[in-house]
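Enquirer: Would you mind keeping the following structure in view while I ask a few things?
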Ligand code: PMP
């Protein structure tokens, strides 16, 4: 008998199970709205032209080699990523109170952050929004947190943010609880706080001594503008908070499988930076020793070359405007059909994802009867829509809810 026979099968991961089911489905008009990645109008993945350009230059550069990067990654990359997040005129950077370390995409950044907070600061409790990106829980539990709690976020009736519920829940959180906030383009609802609401959130966090982790997986992808999408992070910095921010370059650079991310730390006093970095070094050393270089080199090159930087911003605008276009078209198609309910939320939400308001049963009905793959929470990826399938999807929603 195998020593492994005691191992029980783990729960499937919904988004990957759906992608597999989609691939195995032979139906001609099948649609995948579950995947968390950009798709072009033709429904295919997109390698950003600016990434190709950077890669060609890097491949031809004979001074580069395959030596290990430092444990905390390529410094040129993390300095540029931190600046892109906090802004060119960031006080925290100017005062040496902010720095970044290269991580394995956004997930790796969250994991390093969790381990650091649990081990070094002894933090025990984290809070996530209801709903949230489901991996937050696994990452924080595995990262050493003992207790996961939730704060209210999505109001299903209003199909918008439940700000009163959120503030109430934050008010009753214990001191030093870690609050995971989505800095823009909330996944899965596509619904962000307004600037006024962010101010109220910050007031409560300051008052209750809660620790912010800003999860920044979609900078540029929400509005098409890097600065606008960083507003909440910069606001927390301007208020004098100490916080961690987990950046991902998967979506805005289309570098999903390169696993390139940055963990930005903003602290009050530059004197603590050296020690904090040394502990982060030990965490990374004991976890994966050092990160890969390819994605870091691409991002560093693009962010520090003014021409490529402009080209990249153009790519972001293309992606963000396609999403906005699809939102408009879906809403129009649903309203034209006279689909029961209101569909204004489809265009008021931002980012890649939309919480349609379809319940679990309806979402399963879409998959089982129309071969339209979407999460059972009703979340769809707007990039899975294109001019060829939008009418089909709208009609399926219409038939499902009537
Ligand atoms: N946070 C959120 C909210 C996300 O949606 C994602 C991507 N799905 C991530 C973090 C991290 O993704 P990655 O590790 O691919 O950068």
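Values in this text are rule-based calculations from the coordinates and carry no lab data. These numbers were taken from a predicted model, which means no experiment stands behind them. Here the Cβ is made from the backbone with ideal geometry for all residues, glycine too, and neighbour counts use every protein chain on show.
Enquirer: Pick out which of 182, 365, 53 has the largest mean-square fluctuation in a Gaussian network model of the chain, springs linking Cα atoms closer than 10 Å.
Expert: 53
Enquirer: Calculate the length of the line joining the C-alpha centroid of region 104-174 to that of region 263-313, in whole Å.
Expert: 23
Enquirer: For the chain, with a Gaussian network of springs between Cα atoms less than 10 Å apart, report the residue from 78, 183, 377 with the top mean-square fluctuation.
Expert: Answer for the Gaussian network model of the chain: 377.
Enquirer: Stokes-Einstein diffusion coefficient for region 151-263 at 20 °C in a medium of 1.002 mPa s, Rh from the Kirkwood formula over Cα pairs: what value in µm²/s?
Expert: Translational diffusion coefficient: 146 µm²/s.
Enquirer: What does the extension gain come out to for residue 27 and residue 278, with contour length at 0.36 nm per residue minus their alpha carbon separation?
Expert: 85.0 nm
Enquirer: On a full-extension model of 0.36 nm per residue, what is the gain between residue 64 and residue 147, subtracting their alpha-carbon distance, rounded to one decimal in nm?
Expert: Result for the pair: 25.4 nm of gain on full extension.
Enquirer: Can you give the relative contact order of region 234-305 as a percent, counting alpha carbon pairs under 8 Å and 6+ residues apart?
Expert: 27
Enquirer: If I take the Cα coordinates of region 87-184 and project them onto the principal axes, what are the three extents in Å, biggest first?
Expert: 44, 34, 27
Enquirer: Based on the alpha-carbon gyration tensor of region 301-402 and its eigenvalue square roots a ≥ b ≥ c, which shape applies: rounded if a/c is under 1.5, prolate if not and a/b is larger than b/c, or oblate?
Expert: Judged from the Cα gyration tensor, region 301-402 comes out prolate (a/c at least 1.5, a/b above b/c).
Enquirer: Using Cα centres only, tell me the gap between region 44-100 and region 314-340 in whole Å.
Expert: 32
Enquirer: Roughly how large, in nm² to one decimal, is the mean projection of the convex hull of the alpha-carbon atoms in the chain?
Expert: 22.0
Enquirer: Extending each Cα 7 Å along its Cβ direction at residue 124 and residue 344, get the distance between those two points in nm, one decimal.
Expert: With each label placed 7 Å out from Cα toward Cβ, I get 4.5 nm.
Enquirer: Quick one: helix 306-336 against the long Cα principal axis of the chain, what's the angle to the nearest 10°, folded into 0 to 90?
Expert: Approximately 30 degrees, to the nearest 10.
Enquirer: Now for a different question. Would you work out if region 1-77 is rounded, prolate or oblate? Take a ≥ b ≥ c from the square roots of the eigenvalues of the alpha-carbon gyration tensor; rounded if a/c is under 1.5, else prolate when a/b is larger than b/c, oblate otherwise.
Expert: Here region 1-77 falls in the oblate category.
Enquirer: Mind telling me which of 233, 323, 130 comes out most flexible in a GNM of the chain, alpha-carbon contacts under 10 Å?
Expert: Highest fluctuation among the options: 130.
Enquirer: Now for a separate question. Could you pull the Rg and Dmax for region 24-153, using just the Cα atoms, both in Å?
Expert: 19.9, 58
Enquirer: Continuing with the same structure: In what sequence, highest mean first, do 65-73, 100-108, 118-126 appear when ranked by Cβ atoms within 10 angstrom?
Expert: So the peptides 65-73, 100-108, 118-126, ranked by packing, come out 100-108, 118-126, 65-73.
Enquirer: Let me ask another. Starting from the Cα gyration tensor of region 262-314, take the square roots of the eigenvalues, sort them a ≥ b ≥ c, and report rounded, prolate or oblate (rounded when a/c is under 1.5, otherwise prolate if a/b is larger than b/c, else oblate).
Expert: Oblate, since a/c reaches 1.5 and b/c is not below a/b.
Enquirer: Shifting gears a bit: Which length gain, in nm to one decimal place, applies between residue 76 and residue 96 when the Cα-Cα distance is subtracted from 0.36 nm times their residue separation?
Expert: Extending this stretch completely gives an extra 5.6 nm.
Enquirer: Another question, then. What percent does the relative contact order of the chain come to when contacts are Cα pairs within less than 8 Å and at least six residues apart?
Expert: 25
Enquirer: Still on this structure, I have one more. What is the calculated FRET efficiency for residue 369 to residue 44, with r their C-beta to C-beta distance and R₀ = 22 Å, to the nearest 0.05?
Expert: Once the sixth-power term is evaluated, E becomes 0.30.
Enquirer: Sticking with this one: Helix-derived [θ] at 222 nm for the chain: sum -39500 (n - 2.57) over DSSP H runs of at least 4, divide by residue count, nearest 500?
Expert: -14000 deg cm²/dmol
Enquirer: Compute the helix-to-body angle for 14-24: its Cα long axis versus the longest principal axis of the chain, expressed 0 to 90° and rounded to tens.
Expert: For helix 14-24, the angle is close to 50 degrees.
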